[in-house]
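Every number here is computed from the coordinates shown, using simple stated rules; none is lab data. Since we're looking at a predicted model, the values are computed, not measured. Cβ atoms come from the backbone with ideal geometry, glycine included; neighbour counts cover every protein chain shown.
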Amino acid sequence: MDCKASYEINPTGPNQPVPKGETIDAKLGQWKGVNEFLFKASRGKFDHYNSYSLVNDPMTTCGCCECIAAVLPLCNGIMTVNREYTGMTPSGMKFTTLAGTIGGGISTPGFVGHGKYNICQRKFIRADGGLLRMVWMPKMLKEEIGDRLKARATELGVPNLVDMIADETVGTSEEEIIAFLTEKGHPALTMPPIIE
Amino acid sequence: MALTGIQIFKLLPKTNCGKCGVPTCLAFAMNLAAGKVELIACPFVSEESKAQLAEASAPPIRPVTIGTGTGAFKVGGETVMFRHEKKFENPTGIAMLVTDTMPESEVAARIERFNKNVYVRVGVKLHADAVAVKSESDNAAKFGKLVETVTKATEGGLILMSENPEVLAAGLKICATRKPLIYAATKANAAAVAQLAKEHSCPVAVKGASLEEIAELTAVMNQAGIKDIVIDAGARTVKQAFQDEIIIRGAALQKKFKPLGYPTITFPCEMTANPLKEALIASMFVAKYAGIVVLSDLKGEVLFPLLVERLNIFTDPQRPLATTPGIYEINNPNENSPVLITTNFSLTYFIVSGEIETSKVPSYLLIMDTEGLSVLTAWAAGKFGADLMAAFVKKSGIGDKVKTRRLIIPGYSASESGGLEEDLKGWEILVGPREGSLIPAFLRNLKNQDKK
């Protein structure tokens, strides 16, 4: 709605309709129309990106996103951190460092910026395994989106997923949280390798 | 070129040992990908990974070092077409020509100018980099003698110019240990010059009539095992030489065309006889995109503007110029001298230190690390507050150098004085002037008050 209104007020402004066009890859989330728009808007710098993947040519992050997700290779999963959490994360980088590393119009495999409610959407990093890959997030974020998280987890057939996701009280290093994940039997551990 | 953080991560030990300074291998890989750290920081990376990473992260334009010790300079290694995209890496080398048909007095005068014209500006030493020694007589003995004279008279880099391998050999015999640039390998002499370069392990310049010929020549050199190559595209008209520079840089960076992925050498000295025009042409090549410019002579009025231009173009636009933090002694201070504090933005430092010098009042100047921000900016960014200043003053060791406990802070930081009095117990905090130009009066006034 906001974007539509913005476009009506200023047809040459930052919000533009993007025709999806022909589907190139349904799993990764790639469309011909989107790619063409991207190529033009980035002045030829990028010719494609994947909407549903964090590992393979993900979306860029402007740096003002609510959360940043990062791959945690040892845990075979991903973490996400919200802007309000200023502490260290298991990726070895704080939110600000992450934003600085990946933001500003570059596509950085292994990292993607997103909104808080994105996490509970069905298409959230679907190509990489979706919500079941989530192994760590700050406690405050877990509490904030708790109900939605639970609903989506139940839909996925793992109703107690929320309790399996580690937070800063468990640890902020991969070694610490992997022990926790093993103990809880987190589904990510038995999924195919996140990085080939 | 650029590997992504994830690709680099796969080649790292994946132990999250933290020895490199960041907590995880992933964070280290991201820093590597961004070019913020060197691979050497990881003590456990395997030799195999090292080779793979070095290959993959090799810059599209090879960095080439000419000369040794204090006279060494590096050219090439560029990664962008435009400075604002990231930064230009290695400043264009400025070289001065001498030939073996010049009168000895002229050679001596030029070398003297080369050695003497050194300028210090914003804390950086600016000077020319190399002497290009050219054989015009094609006489090996004569060339050898000139090379010997130049080698003895200067510590700068050397460029040996002849297309006759025998003449080049005579020069190399004398100065090979100084790693001169051998100029030039052409289609006619490529094998012999490659042999010389290999034998003495010196960088070599290739000269061709066209870019195609250059690409063939660099491939020949590569096959001979020579990697340190500099390109002379041959043109001696400004238009053509300029065009070649653009094409070479573009081909190497945008098309990843390896045979042209080397720094270039240009010869403004062979493009005009007018010294003023020559300087103008050189200034153009400093900006676009020469690795080395060779000028006929380096008179101060030509060299200084070129050096300043080069300084401006090759500074990193993403980082403000910063001065090393620490204690600076101005006008021979003693234990009773006042202590001033300011930020490490270079301009701030130079203005403040200059004004203190003018005051002739012996003083200590504390320069605090504010990441190169000026006083107000640093204060607004929370990098120049009372708590940080107090911690810095305590850690700096200034307390052992002076008996007085009096700290002068910039006028624009006046609001921090109360906090400082709390955090720096035992120190008297004085608010100095807002403008640097008022510092001399302030310091002299302070001194007179003390006398009374």
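Can you pull out the residues in the range B:232-250 that are out of contact with any Lys or Arg (no Cβ under 8 Å at 6 or more places or on another chain), touching a residue at least 40 places away in the same chain (Cβ under 8 Å) and among the aliphatic types (A, V, I, L, M)? Passing the criteria: B:Val238, B:Ala241, B:Ile248. Across the range B:121-150, the qualifying residues are those that are part of a strand (DSSP E or B) and out of contact with any strand residue (DSSP E or B) (no Cβ under 7 Å at 6 or more places or on another chain), and the one among them that is farthest from B:Lys74 (Cα to Cα) is B:Arg121. Among the residues of the range A:61-115, those identified as within 13 Å of chain B (Cβ to nearest Cβ), assigned to a loop (DSSP other than H, G, I, E, B) and surrounded by fewer than 23 Cβ atoms within 10 Å (Cβ to Cβ) are A:Asn76, A:Gly87, A:Met88, A:Lys94, A:Gly104, A:Gly105, A:Ile106, A:Ser107, A:Pro109. Taken as a whole, the structure leaves B:Gly436 outside the set of residues that are surrounded by 15 or more Cβ atoms within 10 Å (Cβ to Cβ) and over 19 Å from B:Leu321 (Cα atoms). Among the residues of the range B:91-110, those identified as touching a Gly at 6+ places or on another chain (Cβ under 9 Å) and not in a loop (DSSP other than H, G, I, E, B) are B:Gly93, B:Ala95, B:Met96. B:Asn31 fulfils the conditions (1) under 25 Å from A:Glu176 (Cα atoms); (2) more than 26 Å from the chain's Cα centre (by Cα) except for a single criterion, (2). Residue check: is B:Tyr262 within 22 Å of the chain's Cα centre (by Cα), part of a loop (DSSP other than H, G, I, E, B) and within 16 Å of B:Ile94 (Cβ to Cβ)? Criteria not met by B:Tyr262. The requirement of being crowded, with 22+ Cβ neighbours inside 10 Å and over 27 Å from B:Leu280 (Cα atoms) is satisfied by B:Gly171. Among the residues of the range A:20-52, those that are surrounded by fewer than 14 Cβ atoms within 10 Å (Cβ to Cβ) and part of a loop (DSSP other than H, G, I, E, B) comprise A:Lys20, A:Gly21, A:Glu22, A:Ala26, A:Lys27, A:Arg43, A:Gly44, A:Lys45, A:Asp47. B:Thr65 meets each of the listed conditions (1) in contact with a helix residue (DSSP H, G or I) (Cβ under 6 Å, 6 or more places away or on another chain); (2) assigned to a strand (DSSP E or B) apart from (1).
Of the listed requirements (1) in a helix (DSSP H, G or I); (2) closer than 20 Å to B:Thr15 by Cα; (3) of a type outside the set (A, V, I, L, M, F, W, C); (4) touching a residue at least 12 places away in the same chain (Cβ under 8 Å), A:Thr172 misses just one: (1).
Total residues in the range B:151-194 satisfying the condition of being part of a strand (DSSP E or B) and either more than 15 Å from B:Ser135 (Cα to Cα) or in contact with a Gly (Cβ under 8 Å, 6 or more places away or on another chain) (or both): the figure is 4.
When B:Phe82, B:Phe88, B:Phe73 are checked against the criterion of being surrounded by fewer than 14 Cβ atoms within 10 Å (Cβ to Cβ) and under 28 Å from B:Thr323 (Cβ atoms), B:Phe82 stands alone in meeting it. Here are B:Ser359, B:Ser374: which of them is of a type in the set (Ser, Thr, Tyr), surrounded by 17 or more Cβ atoms within 10 Å (Cβ to Cβ) and out of contact with any Lys or Arg (no Cβ under 7 Å at 6 or more places or on another chain)? After ruling out the rest, the residue left standing is B:Ser374.
How about the range B:3-32: which of its residues are loosely packed, with under 15 Cβ neighbours inside 10 Å and within 10 Å of chain A (Cβ to nearest Cβ)? Answer for the range B:3-32, where residues must be loosely packed, with under 15 Cβ neighbours inside 10 Å and within 10 Å of chain A (Cβ to nearest Cβ): B:Thr15, B:Gly18.
Considering the range A:116-127, the residues that are among the aliphatic types (A, V, I, L, M) and either surrounded by fewer than 17 Cβ atoms within 10 Å (Cβ to Cβ) or assigned to a helix (DSSP H, G or I) (or both) include one that is nearest to the other protein chains (Cβ to nearest Cβ), namely A:Ala127. Evaluate the following for B:Asp297: is it acidic (Asp, Glu), out of contact with any Asp or Glu (no Cβ under 6 Å at 6 or more places or on another chain), assigned to a loop (DSSP other than H, G, I, E, B) and over 30 Å from B:Leu366 (Cα atoms)? Yes; evaluated as a whole, the condition is true for this residue. Scanning the range B:351-394 for residues that are under 30 Å from B:Val120 (Cα atoms) and of a type in the set (D, E, K, R) turns up B:Glu355, B:Glu357, B:Lys360, B:Asp369, B:Glu371, B:Lys383.
Considering only the range B:193-230, state which residues are of a type in the set (S, T, N, Q) and either on the phi < 0 side of the Ramachandran plot or in contact with a strand residue (DSSP E or B) (Cβ under 9 Å, 6 or more places away or on another chain) (or both). If the condition is that a residue be of a type in the set (S, T, N, Q) and either on the phi < 0 side of the Ramachandran plot or in contact with a strand residue (DSSP E or B) (Cβ under 9 Å, 6 or more places away or on another chain) (or both), then B:Gln195, B:Ser210, B:Thr218, B:Asn222, B:Gln223 are the ones that fit. A count restricted to the range B:36-56 and to residues that are in contact (Cβ under 8 Å) with a residue 24 or more places away in the chain and of a type outside the set (Val, Ile, Thr) stands at 8.
If I filter the range B:33-44 down to residues being more than 23 Å from B:Gln318 (Cα to Cα) and assigned to a loop (DSSP other than H, G, I, E, B), which single residue comes out as nearest to the other protein chains (Cβ to nearest Cβ)? The qualifying residue nearest to the other protein chains (Cβ to nearest Cβ) is B:Cys42.
Rundown of residues vs (1) within 21 Å of A:Ser51 (Cα to Cα); (2) within 14 Å of chain B (Cβ to nearest Cβ), yes/no style:
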{"site": "A:Leu132", "(1), (2)": "yes, no"}
{"site": "A:Leu141", "(1), (2)": "no, no"}
{"site": "A:Pro159", "(1), (2)": "no, no"}
{"site": "A:Glu176", "(1), (2)": "no, yes"}
{"site": "A:Glu183", "(1), (2)": "no, no"}
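Looking across the range B:68-90, the residues that are in a helix (DSSP H, G or I) and either without any contact (Cβ under 8 Å) to a residue 24 or more places away in the chain or hydroxyl-bearing (Ser, Thr, Tyr) (or both) come down to B:Thr70, B:Glu85.
For the range B:421-430, residues that are surrounded by 14 or more Cβ atoms within 10 Å (Cβ to Cβ) and touching an Asp or Glu at 6+ places or on another chain (Cβ under 9 Å) total 4.
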